[in-house]
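In what follows, a single structure is set out as structure tokens and then discussed.
The values are calculated or read from the model by the stated rules, or taken from the named source; none is laboratory data. Nothing here was measured: the structure is a model prediction, and the numbers come from that model. Cβ: placed from backbone, ideal geometry, glycine included. Neighbour counts: every protein chain shown.
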């Protein structure tokens with residue numbers, strides 16, 4: 001009555017979503033059976049006794065079911081639809097009542113009446129002595145009817161040779177709880193109390209199911225239960241983990257399987273069993289090679305003359321042991337009896353339960369011939385009709401071999417070289433030297449040098465008595481340069497700065513300076529920088545082998561020198577103040593020495609000195625790019641210039657002796673008519689009125705004192721007598737022009753009373769002796785005319801005329 005009330009309540013909860021398991025109805029018995037078949041099994045004579053909607057194929061997209069595909073048998077509906085609730089979709093009420101009857105074996109299994117049975121039967125033959133498959137059981141009976149009389153039932157019933165069970169045709173049920181040979185899987189045998197939403201009881205009820213008395217609260221089945229409350233892909237709120245059904249069989253014998261499920265006690269609430277496709281398989285004879293050497297690809301191999309392999313053939317016995325004959329087919333390009341000893345064609349396992357492993361030894365002869373790799377291929381024939389169930393390839397190699405992928409390398413100190421290669425299992429390795437090798441006995445190791453330098457490593461691969469194989473690896477370790485940062489610097493334009501890259505530890509590094517301009521050499525430790533332009537300079541330090549690197553960037557400001565002018569050297573007389581001045585592009589000054597200056601830091605200042613001094617002015621630039629200018633100031637001692645001449649008047653042509661004393665140096669101006677103008681006593685012979693200035697100076701023409709003297713120059717008179725008596729008495733016999741000095745007669749002519757010219761000359765020293773053409777002239781009055789010139793600046797001339805009396 002309680003179960004029916006629940007049914008009435010839940011039937012109004014519609015189901016629309018199918019989840020991530022796709023189920024397709026399938027009621028073809030052979031299709032269902034064949035989908036289960038895997039290796040070593042063949043099936044036949046499949047029959048299906050089931051409602052058509054109760055079976056189907058399933059494929060999993062994503063789910064917690066644990067299986068990816070297979071078939072499903074239910075006591076209700078297999079495929080969910082908008083109007084029917086099947087095994088797939090979110091958890092919901094699933095209860096379909098069919099008109100199909102129950103099953104006698106299932107009724108016997110659960111000791112309750114059964115209904116809505118779904119049964120798949122088929123015959124099968126195996127090539128091995130074991131058969132198995134994977135499955136999951138789920139039920140709508142979870143959680144409410146665990147540990148009640150409403151416990152749906154299913155079973156996997158196997159019958160055939162060696163099977164002696166209580167079910168039809170002496171079948172046994174192999175759907176058993178793991179760890180038990182008698183406890184069937186069901187809602188009350190695989191569950192976990194106190195699972196929220198999945199179990200309505202805190203108790204264990206294993207004793208209610210025949211054959212399950214070994215299980216208890218301490219030895220429970222929680223590990224095999226999946227609580228699916230609120231699940232989205234499987235409709236049942238509880239199901240098992242993936243379980244394995246397994247049974248011993250006689251190889252090549254025909255067996256029968258019955259897969260059956262039904263409702264127990266009533267037709268309400270469905271259950272289902274999912275069976276994995278391809279999992280219905282049989283065991284075969286296994287081969288195992290024990291060569292000690294296995295290639296990277298997994299192929300076992302032996303070396304000519306130095307290695308023995310053992311081929312192990314194993315079988316697994318489940319149940320009664322039978323005699324097995326295993327036949328071999330030997331193939332491959334290696335020649336039996338030439339490359340290796342001839343192998344037997346078969347081995348036989350006895351019916352002895354302990355006869356599970358037999359072995360064959362393999363050995364390759366050393367033929368001394370270098371050849372392509374040879375191989376032996378062994379095929380195993382087992383089961384029915386000589387079916388090939390396994391094979392193995394054994395390679396024969398001329399010599400031991402392995403690959404070291406690393407080549408000679410360079411690293412930075414502190415780095416690690418990871419050694420890689422292609423190695424076959426079984427080879428022993430040793431490194432020499434073992435210094436800094438993490439595992440000296442493994443090729444796949446790493447090397448971590450702790451000092452810089454070169455180390456040549458040798459790797460030796462050995463195996464038993466095989467010739468060792470040696471490979472070499474050279475590792476160059478460079479130090480990581482430590483570069484002391486260079487400070488930012490300042491330099492004056494055109495000045496030089498010694499740079500230095502301070503690198504440790506000492507090593508043959510590659511130095512690379514990067515600058516826009518100004519470096520004398522970019523590849524040495526200590527280049528000279530000439531101030532040309534403000535810039536950032538980068539210095540890169542690189543080790544030569546591994547390119548271990550350090551870098552530094554610093555800034556150099558290039559400032560122009562201060563520029564300016566200063567007054568010329570000067571002379572001061574007798575300690576007079578001397579004005580000094582300078583100009584500067586920066587406007588900052590410092591005069592030295594400062595004791596005799598009015599202002600030490602001014603552009604214009606005044607010096608007070610009594611001797612000679614050189615003053616320097618520093619044109620101050622804020623970054624130290626100063627310039628220094630200098631001026632020489634001489635302070636001369638006093639002196640007294642004395643002019644000994646007074647103003648005077650002289651005739652043209654006369655000279656005056658000049659004299660001045662008392663000065664270290666004397667000179668006269670103007671220099672006209674002077675014998676030597678830089679003398680204290682020159683001679684003056686002026687031709688005109690003149691004012692002479694005498695200047696006395698100290699050394700280098702300093703401190704001048706000036707005096708002057710005036711010389712007036714008058715023209716000398718020209719004397720012409722008014723009579724002469726050329727009578728030979730020596731007195732006044734010649735009529736001539738008489739003058740003092742420097743008079744030039746340009747023209748002197750005498751005429752008689754009739755205008756006849758009786759004498760002419762232009763020589764002042766010549767005169768008329770009273771004759772004309774050798775004849776004495778008569779006494780009487782005669783006329784003269786003369787032109788005279790004076791040596792003045794203006795070239796002055798006079799014209800004189802008159803009469804003269806010739807007396808006899």
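Need pairs with beta-carbon distance below 6 Å; first residue outside the structural domain of residue 653 (by TED's automatic domain parsing) and within segment 671-696, second surrounded by 14 or more Cβ atoms within 10 Å (Cβ to Cβ) and assigned to a loop (DSSP other than H, G, I, E, B); sequence gap 6+ or separate chains.
Here the result reads none, with nothing in segment 671-696 linked to a residue that is surrounded by 14 or more Cβ atoms within 10 Å (Cβ to Cβ) and assigned to a loop (DSSP other than H, G, I, E, B).
Given the residues 45, 30, which is the only one that is on the phi > 0 side of the Ramachandran plot, assigned by TED's automatic domain parsing to the domain that holds residue 269 and either part of a helix (DSSP H, G or I) or at pLDDT 95 or above (or both)?
Numbers: 30 fails: on the phi > 0 side of the Ramachandran plot.
Every option except 45 fails the conditions.
So which of 551, 522, 565 is surrounded by fewer than 16 Cβ atoms within 10 Å (Cβ to Cβ), in a strand (DSSP E or B), modelled with pLDDT of 95 or more and within 37 Å of the chain's Cα centre (by Cα)?
Working: 522 fails: in a strand (DSSP E or B); 565 fails: within 37 Å of the chain's Cα centre (by Cα).
Matching residue, one of 551, 522, 565: 551.
Do we have residue 578 as over 30 Å from residue 451 (Cα atoms) and touching a helix residue (DSSP H, G or I) at 6+ places or on another chain (Cβ under 7 Å) here? Write out each step before concluding.
Details: over 30 Å from residue 451 (Cα atoms): yes; touching a helix residue (DSSP H, G or I) at 6+ places or on another chain (Cβ under 7 Å): no.
No: the conditions fail for residue 578.
Each row is one residue, and each column tells you yes or no for (1) in contact with a helix residue (DSSP H, G or I) (Cβ under 9 Å, 6 or more places away or on another chain); (2) under 26 Å from residue 228 (Cα atoms).
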| site | (1), (2) |
| --- | --- |
| 110 | no, yes |
| 115 | no, yes |
| 118 | yes, yes |
| 124 | yes, no |
| 128 | no, no |
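Six or more apart or on different chains, Cβ under 9 Å: which pairs go from a residue in segment 469-496 that's on the phi > 0 side of the Ramachandran plot to one that's surrounded by fewer than 18 Cβ atoms within 10 Å (Cβ to Cβ) and in a strand (DSSP E or B)? Could you list them?
494/530
Hey, can you tell me all the residues within segment 161-174 that are assigned to a loop (DSSP other than H, G, I, E, B), out of contact with any helix residue (DSSP H, G or I) (no Cβ under 9 Å at 6 or more places or on another chain) and either modelled with pLDDT under 95 or more than 12 Å from residue 248 (Cα to Cα) (or both)? Walk me through how you get there before you give the answer.
Residues of segment 161-174 assigned to a loop (DSSP other than H, G, I, E, B): 161-166, 174.
Filter once more, so that each one left must be out of contact with any helix residue (DSSP H, G or I) (no Cβ under 9 Å at 6 or more places or on another chain): 161-162, 165, 174.
Residues satisfying the conditions are 161, 162, 165.
Which of the residues belonging to segment 179-206 are assigned to a loop (DSSP other than H, G, I, E, B), out of contact with any strand residue (DSSP E or B) (no Cβ under 9 Å at 6 or more places or on another chain) and either under 20 Å from residue 110 (Cα atoms) or touching a residue at least 40 places away in the same chain (Cβ under 8 Å) (or both)?
Residues of segment 179-206 assigned to a loop (DSSP other than H, G, I, E, B): 179-183, 185-205.
Filter once more, so that each one left must be out of contact with any strand residue (DSSP E or B) (no Cβ under 9 Å at 6 or more places or on another chain): 179-181, 188-189, 193-194, 200-205.
Scanning segment 179-206 gives 179, 180, 181, 188, 189, 200, 201, 203, 204, 205.
Quick one: is residue 124 crowded, with 24+ Cβ neighbours inside 10 Å and assigned to a strand (DSSP E or B)? Spell out how you get there, then give the answer.
Values: crowded, with 24+ Cβ neighbours inside 10 Å: yes; assigned to a strand (DSSP E or B): yes.
Yes; evaluated as a whole, the condition is true for this residue.
Restricting attention to segment 103-113, does a residue exist that is in a strand (DSSP E or B) and either farther than 25 Å from residue 66 by Cα or without any contact (Cβ under 8 Å) to a residue 60 or more places away in the chain (or both)? Walk me through it before giving the result.
First pass over segment 103-113, keeping only residues in a strand (DSSP E or B): none.
Checked against the condition, which is being in a strand (DSSP E or B) and either farther than 25 Å from residue 66 by Cα or without any contact (Cβ under 8 Å) to a residue 60 or more places away in the chain (or both), segment 103-113 yields no hits at all.
Name the residue that is farthest from residue 652 (Cα to Cα), counting only residues in segment 742-764 that are touching a strand residue (DSSP E or B) at 6+ places or on another chain (Cβ under 7 Å) and in a loop (DSSP other than H, G, I, E, B). Spell out the reasoning first.
Start the filter on segment 742-764 by keeping residues that are touching a strand residue (DSSP E or B) at 6+ places or on another chain (Cβ under 7 Å), which leaves 743-753, 757-764.
This time we only want the ones that are in a loop (DSSP other than H, G, I, E, B), so: 743, 752-753, 762-764.
Numbers: 743: 9, 752: 34, 753: 36, 762: 20, 763: 19, 764: 17 Å.
For segment 742-764, the residue satisfying everything is 753.
Residues 86, 144: which one is assigned by TED's automatic domain parsing to the domain that holds residue 185, assigned to a loop (DSSP other than H, G, I, E, B) and under 21 Å from residue 276 (Cβ atoms)? Steps first, please.
Details: 144 fails: under 21 Å from residue 276 (Cβ atoms).
None of the other options fit; the residue is 86.
Return yes when residue 269 is touching a strand residue (DSSP E or B) at 6+ places or on another chain (Cβ under 8 Å), in contact (Cβ under 8 Å) with a residue 60 or more places away in the chain, part of a loop (DSSP other than H, G, I, E, B) and crowded, with 20+ Cβ neighbours inside 10 Å and no when it is not.
yes
Please determine whether any residue of segment 628-639 is surrounded by fewer than 16 Cβ atoms within 10 Å (Cβ to Cβ), touching a strand residue (DSSP E or B) at 6+ places or on another chain (Cβ under 6 Å) and not assigned by TED's automatic domain parsing to the domain that holds residue 578. Lay out the reasoning, then the answer.
The initial filter retains those residues of segment 628-639 that are surrounded by fewer than 16 Cβ atoms within 10 Å (Cβ to Cβ), namely 628, 630, 632, 637-638.
From what is left, the residues that are touching a strand residue (DSSP E or B) at 6+ places or on another chain (Cβ under 6 Å) are 628, 630, 632.
This time we only want the ones that are not assigned by TED's automatic domain parsing to the domain that holds residue 578, so: none.
Within segment 628-639 (the criterion being surrounded by fewer than 16 Cβ atoms within 10 Å (Cβ to Cβ), touching a strand residue (DSSP E or B) at 6+ places or on another chain (Cβ under 6 Å) and not assigned by TED's automatic domain parsing to the domain that holds residue 578), the answer is no, since none of the residues qualifies.
Could you tell me which residue of segment 14-27 is modelled with the lowest pLDDT, considering only residues that are more than 26 Å from residue 99 (Cα to Cα) and assigned to a loop (DSSP other than H, G, I, E, B)?
17
Based on what the data block shows, is residue 656 under 29 Å from residue 574 (Cα atoms), outside the structural domain of residue 787 (by TED's automatic domain parsing), touching a strand residue (DSSP E or B) at 6+ places or on another chain (Cβ under 6 Å) and at pLDDT below 95?
Working: under 29 Å from residue 574 (Cα atoms): no; outside the structural domain of residue 787 (by TED's automatic domain parsing): yes; touching a strand residue (DSSP E or B) at 6+ places or on another chain (Cβ under 6 Å): yes; at pLDDT below 95: yes.
For residue 656, the condition - under 29 Å from residue 574 (Cα atoms), outside the structural domain of residue 787 (by TED's automatic domain parsing), touching a strand residue (DSSP E or B) at 6+ places or on another chain (Cβ under 6 Å) and at pLDDT below 95 - is not met.
Have a look at 29, 84, 78, 33 and point out the one that is in contact with a strand residue (DSSP E or B) (Cβ under 9 Å, 6 or more places away or on another chain) and surrounded by fewer than 22 Cβ atoms within 10 Å (Cβ to Cβ).
Working: 84 fails: in contact with a strand residue (DSSP E or B) (Cβ under 9 Å, 6 or more places away or on another chain); 78 fails: surrounded by fewer than 22 Cβ atoms within 10 Å (Cβ to Cβ); 33 fails: surrounded by fewer than 22 Cβ atoms within 10 Å (Cβ to Cβ).
That would be 29, the only listed residue that is in contact with a strand residue (DSSP E or B) (Cβ under 9 Å, 6 or more places away or on another chain) and surrounded by fewer than 22 Cβ atoms within 10 Å (Cβ to Cβ).
Quick one: which residue in 600, 569 is farther than 30 Å from residue 743 by Cβ and touching a residue at least 40 places away in the same chain (Cβ under 8 Å)?
Numbers: 600 fails: touching a residue at least 40 places away in the same chain (Cβ under 8 Å).
One residue alone meets the criteria, 569.
In segment 463-494, which residues are under 26 Å from the mean Cα position of the chain (by Cα), part of a strand (DSSP E or B) and under 27 Å from residue 531 (Cα atoms)?
Within segment 463-494, 483 is the sole residue that qualifies.
From the list 725, 708, 675, exactly one residue is closer than 30 Å to residue 767 by Cβ and modelled with pLDDT of 90 or more. Which is it? Reasoning before the result, please.
Values: 708 fails: closer than 30 Å to residue 767 by Cβ; 675 fails: closer than 30 Å to residue 767 by Cβ.
Among 725, 708, 675, only 725 is closer than 30 Å to residue 767 by Cβ and modelled with pLDDT of 90 or more.
Among the listed residues 347, 411, identify the single one that is closer than 30 Å to residue 317 by Cα, part of a strand (DSSP E or B) and touching a residue at least 24 places away in the same chain (Cβ under 8 Å). Steps first, answer last, please.
Working: 411 fails: closer than 30 Å to residue 317 by Cα.
Going through 347, 411 in turn, the sole match is 347.
Using beta carbons and a limit of 6 Å, which pairs, at least six apart or on different chains, have the first residue in segment 137-157 and under 14 Å from residue 118 (Cβ atoms) and the second one modelled with pLDDT under 85?
Between residues of segment 137-157 that are under 14 Å from residue 118 (Cβ atoms) and residues that are modelled with pLDDT under 85, the close pairs are 139/152.
For the condition buried (at least 18 other Cβ atoms within 10 Å of the Cβ), over 19 Å from residue 488 (Cα atoms) and either touching a helix residue (DSSP H, G or I) at 6+ places or on another chain (Cβ under 9 Å) or outside the structural domain of residue 500 (by TED's automatic domain parsing) (or both), what is the one hit in 614, 610, 570, 605? Give the derivation first.
Numbers: 614 fails: buried (at least 18 other Cβ atoms within 10 Å of the Cβ); 610 fails: buried (at least 18 other Cβ atoms within 10 Å of the Cβ); 570 fails: buried (at least 18 other Cβ atoms within 10 Å of the Cβ).
Residue meeting the stated conditions: 605.
Could you tell me whether residue 595 is within 24 Å of residue 697 (Cα to Cα) and either assigned to a loop (DSSP other than H, G, I, E, B) or free of Cβ contacts under 8 Å to residues at least 60 places away in the same chain (or both)? Walk me through how you get there before you give the answer.
Numbers: within 24 Å of residue 697 (Cα to Cα): no; either assigned to a loop (DSSP other than H, G, I, E, B) or free of Cβ contacts under 8 Å to residues at least 60 places away in the same chain (or both): yes.
No.
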